Amino acid sequence: MFFNFKNFLKSLTFILILFFAVIVSSTVSYFIIDITNQKKNLMDIEEYSPISSLVVPENPVKKAKFPFVDVHSHQWRMSMQDLSPLVEEMDSLNMKVLINLSGSGAAAFSGNQSLMDLNLQKSVENVKNNFPNRFGVFVNLVYDNIDEPDFSKNIVESLENAVELGAIGLKVYKELGLNTKDSKGERIKVDDKRLSVVWETCAKLNIPVLIHSGEPSPFFDPIDKFNERFLHARQRPRSFRPPEKYPTFETVMDEQYRMFKNNPKTIFLNAHLGWMGSDLDKLGRHLDSLPNVYTEFGAVINELGRQPKRARKFFIDYQDRILFGKDSYKKSEYELYFRVLETEDEYFDYFRKRHGLWKMYGLGLPDDVLKKIYYQNALKIFPSIDENLFKN
């Protein structure tokens, strides 16, 4: 026994020595690499943050020039949160109405329609009891039960009940067309005919559908030195859609287009510029052929800010079809949206490097166009919004 224990101690000592040797060796190696990189002026792309020597006018905008409606926001706790601090921030931005697309809250990803409906009810009640004219609430639905015999009946009832409660639209998340599957394990396509009842019911109820399909096209491309969203892939690898698991970008976009085309009586808001912010000519053709479709620029203002001349022309040409959207809510980030839309500033930073390693430029939109983008187009689509909020 003593001999075995002695051997054990020797083995343990050897293992500890080996362990510390590896740690020391690794530390020394990283230190040497760091010193070498410093000598060679090598650094990681995330570290590189050059301070521009360019001297140009700067016109930061803290508050929108005109009152506006944010048609694309997510307030996951609206069913229980105190809305007063949020309204104070909205007032400071000149935001008169915020539309919460996540009316069902985090329950929207539970797959439990009953729980989602309860969250929606509580969200609408919170708004009505506190700030009835400052918020709009969208309903969310479950689609993976598409094969059930009562799917059509139940989903129509959910939509009708939601509108009766006070919901003003339907939000469709990107899972449809990417991850949502039927009972056979087959991907449910955006233009699946079994979903026609959803779009037809929205038309009958006179509520718009804001739909997010797919992801930016680089998210479907190889992650290599040629991909302009390489940094995004490093920081958020789960956002990317490898071909062995997902359909192509073109496949999802074609499905969405056919769905729009096949439901001309339904008003659709194609979120995030339909991921065509990098090809505004294509987006223009898209809108020309689909009079029932509008768009908004939540989370893609970076695409507009890098092509100010083309984007300005696009906004003027399609001023009746574009709404203001931000996506994830953070008060300080609205300032960049205002600066891009309202000023002619040059070469300023976007607030999130992984969304694009480029600088931003202002579009300097005319006042009449700004008013349409900020609130007039939203008033056309959402008749429940109080117009008095936008009168001087």
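Go through the range 60-99 and report how many residues are exposed (fewer than 12 other Cβ atoms within 10 Å of the Cβ), touching a residue at least 40 places away in the same chain (Cβ under 8 Å) and of a type outside the set (Ser, Thr, Tyr).
2
In the set ARG285, ARG258, ARG306, ARG339, which member is modelled with pLDDT of 95 or more and within 19 Å of LYS372 (Cα to Cα)?
Values: ARG285 fails: within 19 Å of LYS372 (Cα to Cα); ARG258 fails: within 19 Å of LYS372 (Cα to Cα); ARG306 fails: within 19 Å of LYS372 (Cα to Cα).
Step by step, each of ARG285, ARG258, ARG306, ARG339 is checked, and only ARG339 is modelled with pLDDT of 95 or more and within 19 Å of LYS372 (Cα to Cα).
Restricting to the range 136-164, give me the number of residues that are among the hydroxyl-bearing types (Ser, Thr, Tyr) and touching an Asp or Glu at 6+ places or on another chain (Cβ under 9 Å). Walk me through it before giving the result.
Let us first name the residues in the range 136-164 that are among the hydroxyl-bearing types (Ser, Thr, Tyr), namely 143, 152, 158.
With the extra rule that they be touching an Asp or Glu at 6+ places or on another chain (Cβ under 9 Å), the set shrinks to 143, 158.
Number of matching residues: 2.
Which of the residues that make up the range 251-282 are without any contact (Cβ under 8 Å) to a residue 12 or more places away in the chain and more than 26 Å from LYS313 (Cβ to Cβ)? Spell out how you get there, then give the answer.
In the first step, residues of the range 251-282 are kept if they are without any contact (Cβ under 8 Å) to a residue 12 or more places away in the chain; the result is 251, 254, 276, 279, 281-282.
Hits for the range 251-282 are THR251, ASP254.
Sort out which residues of the range 145-180 are within 22 Å of the chain's Cα centre (by Cα) and closer than 23 Å to THR248 by Cβ, and write them in order of number.
VAL172, TYR173, LYS174, GLU175, LEU176, GLY177, LEU178, ASN179, THR180 - these are the residues of the range 145-180 that are within 22 Å of the chain's Cα centre (by Cα) and closer than 23 Å to THR248 by Cβ.
When only residues in the range 179-200 that are surrounded by 15 or more Cβ atoms within 10 Å (Cβ to Cβ) and either in contact with a strand residue (DSSP E or B) (Cβ under 9 Å, 6 or more places away or on another chain) or free of Cβ contacts under 8 Å to residues at least 40 places away in the same chain (or both) count, which is farthest from PHE260 (Cα to Cα)?
Selected residue: ASP182.
Out of all the residues in the range 171-193, is one or more part of a helix (DSSP H, G or I) and either of a type outside the set (Ser, Thr, Tyr) or within 30 Å of PHE68 (Cα to Cα) (or both)?
So far as the range 171-193 goes, yes, one or more of its residues are part of a helix (DSSP H, G or I) and either of a type outside the set (Ser, Thr, Tyr) or within 30 Å of PHE68 (Cα to Cα) (or both).
Go through the range 200-221 and give me each residue that's part of a loop (DSSP other than H, G, I, E, B) and among the acidic types (Asp, Glu).
Once the filter is applied, which keeps residues that are part of a loop (DSSP other than H, G, I, E, B) and among the acidic types (Asp, Glu), the range 200-221 yields GLU215, ASP221.
Out of the residues in the range 55-79 that are in a loop (DSSP other than H, G, I, E, B) and of a type in the set (Gly, Ala, Ser), state the one that is modelled with the highest pLDDT.
To start, the set of residues in the range 55-79 that are in a loop (DSSP other than H, G, I, E, B) comprises 55-67, 74-79.
Next, only the ones that are of a type in the set (Gly, Ala, Ser) stay: 64, 79.
Values: ALA64: 98, SER79: 95.
Applying the filter and picking the extreme gives ALA64.
Among the residues of the range 141-157, is any over 25 Å from LYS189 (Cα atoms) and surrounded by 21 or more Cβ atoms within 10 Å (Cβ to Cβ)?
No, that holds for no residue.
Inside the range 328-345, can you point out the residues that are over 23 Å from ILE316 (Cα atoms), in contact (Cβ under 8 Å) with a residue 24 or more places away in the chain and not aromatic (Phe, Trp, Tyr)?
Listed by number, the residues that qualify are SER328, LYS331.
Only residues in the range 346-369 that are closer than 15 Å to ARG310 by Cα count as the first member; pair them with residues that are loosely packed, with under 15 Cβ neighbours inside 10 Å and among the aromatic types (Phe, Trp, Tyr), Cβ under 9 angstrom, at least 6 apart or cross-chain, and list the lot.
Within 9 Å, the pairs are MET360/TYR347; TYR361/TYR347.
The values are calculated or read from the model by the stated rules, or taken from the named source; none is laboratory data. These numbers were taken from a predicted model, which means no experiment stands behind them. Virtual Cβ from ideal backbone geometry, glycine too; neighbours counted across all protein chains shown.
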